[in-house]
Amino acid sequence: LEIENSTPVDDGEGLIKVEKISADEYLLSRQTLEGWQRQYAFEDRPIYPSDLKTANFYMEYHPDSHFVPHRFIGLFTEQGRKGLFDNQFSERIGQEIVRKEEIKSGASWLKCLKEEFGMEIKLSKEEEHRLSGY
């Protein structure tokens, strides 16, 4: 994906495009059934190790971070994508959701990780207890 070229590109899930919005800022949008949807903005500026450290700390610990209150995993497949967001599993082919289900308990959540994402996780009794609270 060339950031200086605003021509839409197929990324395997559909069309995306990058638009320059200022001298060093860009906006990535995805074409959906409802039209072009803004996904995120980014900057083309130098970055330093301290920038990454600060951003990673924020993402891991700040209550406003998307990563703190939620559990989620995504996996690209040959046809689309699988995702588990808290207790909602979905599978897409392209942009079409072909399967959606609620994963209710901690044990079912771990089973979903193993069967859908190829991950087998061994938890301590304390971790199992915490997970069962979701």
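The values are calculated or read from the model by the stated rules, or taken from the named source; none is laboratory data. Because the structure is predicted, anything quoted here is derived from the model rather than measured. Don't worry about glycine lacking a Cβ; one is built from the backbone with ideal geometry, like all the others, and counts go over all protein chains shown. For accessibility, only protein heavy atoms count, side chains too; no ligands or nucleic acids. Shrake-Rupley method; radii C 1.70, N 1.55, O 1.52, S 1.80 Å.
Here is how the numbers come out for the structure above:
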{"item": "Close pairs (9 angstrom Cβ cut-off, 6 or more residues apart or separate chains): on the phi > 0 side of the Ramachandran plot in region 1-18, assigned to a loop (DSSP other than H, G, I, E, B) and open to solvent by less than 50 Å² (accessible area, probe 1.4 Å) anywhere", "result": "Gly12/Gly94; Gly14/Gly94"}
{"item": "Boolean, Val68 is surrounded by 11 or more Cβ atoms within 10 Å (Cβ to Cβ) and in contact with a strand residue (DSSP E or B) (Cβ under 7 Å, 6 or more places away or on another chain)", "result": "no"}
{"item": "Residues being under 21 Å from Lys82 (Cα atoms) and either among the basic types (Lys, Arg) or modelled with pLDDT of 95 or more (or both) - total across region 17-37", "result": "3"}
{"item": "Wholly enclosed strands (runs of 3 or more DSSP E) of region 9-116 bearing at least 2 residues more than 30 Å from Arg130 (Cβ to Cβ)", "result": "15-20, 25-32, 35-43, 96-102"}
{"item": "Some residue of region 110-131 being open to solvent by less than 70 Å² (accessible area, probe 1.4 Å), in contact with a Gly (Cβ under 6 Å, 6 or more places away or on another chain) and at pLDDT below 95", "result": "yes"}
{"item": "Any hit, region 2-22, residues being over 30 Å from Glu127 (Cα atoms), of a type in the set (Ser, Thr, Tyr) and surrounded by 12 or more Cβ atoms within 10 Å (Cβ to Cβ)", "result": "yes"}
{"item": "Residue list for region 75-109, restricted to those being surrounded by 13 or more Cβ atoms within 10 Å (Cβ to Cβ), of a type in the set (Lys, Arg) and at pLDDT 95 or above", "result": "Lys82"}
